[in-house]
1. Just to be sure, is D305 open to solvent by 60 Å² or more (accessible area, probe 1.4 Å) and at pLDDT 95 or above?
2. So which residues in the range 237-268 are free of Cβ contacts under 8 Å to residues at least 60 places away in the same chain, within 14 Å of Q314 (Cβ to Cβ) and not in a helix (DSSP H, G or I)?
3. On the basis of being within 12 Å of the ligand (Cβ to nearest atom), hydrophobic (A, V, I, L, M, F, W, C) and touching a strand residue (DSSP E or B) at 6+ places or on another chain (Cβ under 7 Å), does V164 make the cut?
4. Would you say D167 is within 22 Å of Q337 (Cα to Cα), at pLDDT 95 or above and not β-branched (V, I, T)?
5. Restricting to the range 240-274, give me the number of residues that are open to solvent by less than 10 Å² (accessible area, probe 1.4 Å), more than 16 Å from the ligand (Cβ to nearest atom) and touching a Phe, Trp or Tyr at 6+ places or on another chain (Cβ under 8 Å).
6. All but one of (1) surrounded by fewer than 17 Cβ atoms within 10 Å (Cβ to Cβ); (2) in contact with a Cys (Cβ under 7 Å, 6 or more places away or on another chain); (3) of a type outside the set (K, R) hold for E9, so report the exception by its number.
7. Just the residues that are within 11 Å of the ligand (Cβ to nearest atom) and either more than 16 Å from A184 (Cα to Cα) or of a type in the set (S, T, Y) (or both), please, taken from the range 118-144.
8. Which condition does R236 not pass, out of (1) within 16 Å of the ligand (Cβ to nearest atom); (2) of a type in the set (D, E, K, R); (3) surrounded by 17 or more Cβ atoms within 10 Å (Cβ to Cβ), if it passes all the others?
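The values are calculated or read from the model by the stated rules, or taken from the named source; none is laboratory data. If you're wondering where the values come from, they're calculated on a predicted model, not measured in any experiment. FYI the Cβ positions are ideal-geometry reconstructions off the backbone, even for glycines, and counts take in every protein chain you see. For the accessible areas, the whole protein counts, side chains as well, though only heavy atoms, and no ligand, DNA or RNA atoms are used. Shrake-Rupley method; radii C 1.70, N 1.55, O 1.52, S 1.80 Å.
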Amino acid sequence: MKQLQVGLEERAYPILIKEGLLSEIGQELKLRPIAKRYIIIADDNVAELFGGHVVESLRNADIPVDLLTFPHGEASKNMATVEKLARSLAQLGVDRQDALIALGGGVTGDITGFLAAIYMRGISFVQVPTSLLAQVDSSVGGKTGVDIPEGKNLVGCFYQPKCVFIDTAVLKDLPREELLNGLAEVVKYGVIYDSDFFHFLVANQKSILDLEPTVVEAVVAHCCTIKARVVEADEREADLRRILNYGHTLGHAVEAASNFTIAHGKAISIGMAAVNTISVKKSLLGADKAQRIKDVLQGFGLPTDIPMDLDRGQMKEFLKTDKKSVNGKPFFVLPIQIGKVIITDDVDDVMIEEAFG
Ligand code: GLY
């Protein structure tokens, strides 16, 4: 078992990573009790795949547990689902001595974390991420929230979990598309923070795609370590944490212009390749390095070009209204070498248009 720590003083928490951890969660919670009783929140798909395992694991450890579900998909990530779940918690008599377990991908983690933050003005919660994206990114760092018709993640708060349990064995049950979503974020960490890790990814591409257990565990642990260091330095995204948005500003515009038919990971991969061209144009990054990043993305089966049929004008509008834009000016995370980036809004319209290809 690999154990890491997110060092946030009184909000510090461990991340445990192990193949097969799902069936040991009961024992682990017995060793580090967080609550009297736990309510697992999962979507219908994940509940069917893994809900039984986790319930059984807690029951074997004599820990009272219930399971609540909601329909899978981003469409559930709204206030109506939160209200429905909150009412179910109240009907079950859940109080501040109890805790929630977010069992699932990013949507479940975001909904459950937000629900935990506001139910009875805050109860504890634990993250049990079951997608690669959630394991390497969204389960760590305390971003929680839901979408509203005006935009994604517009309602939410920072609320840290008490513990993150990562079972890398569950990745074998993931559809390939889901794995790709996570791999784009994995490459991101190498480019923004750690060139050695980037080279490790290049050298181990096949083992990663084959989900070789020791390599996958090492990759997940490494990403979580980087995420933890970034969040420790800037929990509320005032500065450094913004580097995690590398490729995301353009990627979100690609996602939105495609009407969300291009999945998040693919859009982020396209976004990373596109901002690299801005870096090269600004003479911040060598063209050879941009090509190496492109090669590793493509090696993982990720796209790197903006599809010709996407409306460039619409993408530009999305960039302006991105919730992280200031006065209609988006900021970009630009690599200056592999393992190091800068954050800037000094990118003119011509360069953005050129990056669209
Ligand atoms: N996923 C980006 C962040 O947690 O800040």
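1. Values: open to solvent by 60 Å² or more (accessible area, probe 1.4 Å): yes; at pLDDT 95 or above: yes.
It is true that D305 is open to solvent by 60 Å² or more (accessible area, probe 1.4 Å) and at pLDDT 95 or above.
2. Scanning the range 237-268 gives S258, N259, T261, I262.
3. Numbers: within 12 Å of the ligand (Cβ to nearest atom): no; hydrophobic (A, V, I, L, M, F, W, C): yes; touching a strand residue (DSSP E or B) at 6+ places or on another chain (Cβ under 7 Å): yes.
When the stated conditions are applied, V164 does not pass them.
4. Details: within 22 Å of Q337 (Cα to Cα): no; at pLDDT 95 or above: yes; not β-branched (V, I, T): yes.
Considered against the rule, which asks whether it is within 22 Å of Q337 (Cα to Cα), at pLDDT 95 or above and not β-branched (V, I, T), D167 comes out as no.
5. 2
6. Here E9 meets the rest and fails (2).
7. Pass one, the range 118-144, residues within 11 Å of the ligand (Cβ to nearest atom): 133-134, 136-144.
Scanning the range 118-144 gives S138, S139, V140, G141, G142, K143, T144.
8. The number of the failed condition is (3).
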